[in-house]
Structure formats: structure tokens, C-alpha cells
Amino acid sequence: MNKKTKLGVIALFSIIVGIFGIKYYIDHGGERNLSSEDAAFTVTSKSITDEFTTSMEASNKKYLEKAVAISGKITATSPIGVTIDKTIICNLTTPDTSLKNDQTVTVKGRIVGYDELMGELKLDQCSILKN
């Protein structure tokens, strides 16, 4: 094998490794273990919804990507999550079939965004703190 062929093979191998590294980072780079983190804020569903309604930009700076504990009443359940007071959509890390409508709970999760049109705050990696 001549020198140009060896350099070509090394360059191709480096590119392939780089592509797989980037894909791995995109797929797994943002994962955190929220169950072991302390909540940065503990609020009610009404207070945090009012903050986002009043000033979405300031609220995004304050809460986005942070672990937050939110208390309120369950208004809807699904196999993958719960809705708190019709405005907080929580995707649970592990399904919980014991949760029922009108049950007061505190959920801890990561705020991923606010849907201004629907008036809904979205959380992922949620877990139930209190039943």
C-alpha cells in the first residue's frame, strides 16, 4: 500500500468515527438524571403559567432546561404522562397507572418549552414527588 492510499484510508476512517461521534452526542448529549437533581424552583401550576403568560422571554431565561417541581391537580392522564391544571403537560419517565384525575400531586421535571398558542407548558423526564 502506498502512502496516498494509507492517508486516504485513515482520513475515511476518521470521518466515519467523527460522524458516529456526532450522532451519539446528538442522541445522548442532553440526557440528565433529573431524579438525582434538586429542583431549581418549586412553584404552583398557576404561578408558573402566569409567569409564562406575562413574559415568555423572561420565563424562558429563568426556567428553560431547569429541573422544576410543580404542584397542582391532575386534569388528564395518559399512558406516558399527566396534565396538571389543564396547562402543564408532563411526560413521565416511568408510567404510573395509580394516578387519577382530580388528584393533587407535585411533579418534578425539566421544562422544555411553552406553547403560546395552546397556553401549555411542556415538561419531560417527569417523576411524581407527592401523591
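The values are calculated or read from the model by the stated rules, or taken from the named source; none is laboratory data. Only a predicted model underlies this, so the values are computations on that prediction, with no experimental measurement involved. Methodologically, a virtual Cβ is constructed for each residue, glycine included, from the backbone with ideal geometry; neighbour enumeration extends over all protein chains shown. The area values use the complete protein model at the heavy-atom level, side chains included, leaving out ligands, DNA and RNA. Shrake-Rupley method; radii C 1.70, N 1.55, O 1.52, S 1.80 Å.
Compactness check for the chain: Cα Rg over 2.2 N^0.38 Å is 1.49.
I want the local charge near A76. Using Cβ-Cβ distances under 15 Å, sum +1 for each Lys or Arg and -1 for each Asp or Glu among the other residues. Let's see the in-between values first.
Working: positive: K73, K86, K100, K122; negative: D85, D96, D102, E120.
So the environment of A76 carries a net charge of 0.
The accessible surface of the chain, taken with every protein chain in place and a 1.4 Å probe, is 60 percent carbon and sulfur.
Over the chain, what is the relative contact order in percent, taking alpha-carbon pairs closer than 8 angstrom and at least six residues apart? Please report the intermediate quantities before stating the final value.
Numbers: 215 pairs, mean separation 27.4, N = 131.
Rounded, it is 21 percent for the chain.
With a cap of 16 neighbouring Cβ atoms within 10 Å, and only residues DSSP puts in a loop, list the trypsin sites (Lys or Arg not before Pro) found in region 8-112.
Counting only loop positions with at most 16 other Cβ atoms within 10 Å, the trypsin sites (Lys or Arg not before Pro) in region 8-112 are R32, K66, K86, K100.
In the chain, taking the dipole from charged Cβ atoms about the Cα centre, the farthest positive-side position among I70, S36, I111 is held by S36.
Under the rule that an exposed site lies in a DSSP loop and has at most 10 other Cβ atoms within 10 Å, name the longest stretch of the chain with no GluC sites (Glu not before Pro) of that kind, not counting the sites themselves. Working shown, then result.
Details: sites that count: E31, E116.
Of all site-free stretches, the longest is 32-115.
Rounded to the nearest 20 debye, the dipole magnitude of the chain is 700 debye, with +1 charges on Lys and Arg beta carbons, -1 on Asp and Glu beta carbons, and the Cα centre as origin. The alpha-carbon of K62 sits under 27 angstrom from the alpha-carbons of these lysines, leaving out residues fewer than 8 places away in its chain: K46, K73, K86, K108, K122, K130.
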